[in-house]
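Worksheet: the structure to be examined is printed underneath.
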């Protein structure tokens, strides 16, 4: 047990910590791991990347194009579905 403690103490850092989670109670183990993940995400203080007006306009065009393609594909699928139903 002493070697195990020494190994964890020597390799656990604030940037890459070790966590000891009991494995004999699955429900609590999952809750503990979930809390560790949530705490880690909150500590990252992530933000959305900044983009220029030009890039936002480009992304809006891509979004509009994708929506149009999805709608067209949906119409094609619904039409072929109707034919399949009528042919049965």
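The values are calculated or read from the model by the stated rules, or taken from the named source; none is laboratory data. If you're wondering where the values come from, they're calculated on a predicted model, not measured in any experiment. No Cβ is skipped: glycine too gets one built from the backbone with ideal geometry, and neighbour counts run over all protein chains shown.
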Q: Output the qualifying pairs, or none if there are none: Cβ atoms under 8 angstrom, residues six or more apart or on different chains, first residue in region 1-20 and modelled with pLDDT under 90, second residue not in a helix (DSSP H, G or I).
A: 8/18; 8/20
**Q.** Residue match in region 25-43 (condition: at pLDDT 90 or above, in a loop (DSSP other than H, G, I, E, B) and outside the structural domain of residue 59 (by TED's automatic domain parsing))
**A.** yes
(Q) Anything in region 36-60 that is farther than 30 Å from residue 19 by Cα and either under 24 Å from the mean Cα position of the chain (by Cα) or surrounded by fewer than 10 Cβ atoms within 10 Å (Cβ to Cβ) (or both)? List them, or say none. (A) 49, 50, 51, 52, 53, 54, 55, 56, 59, 60
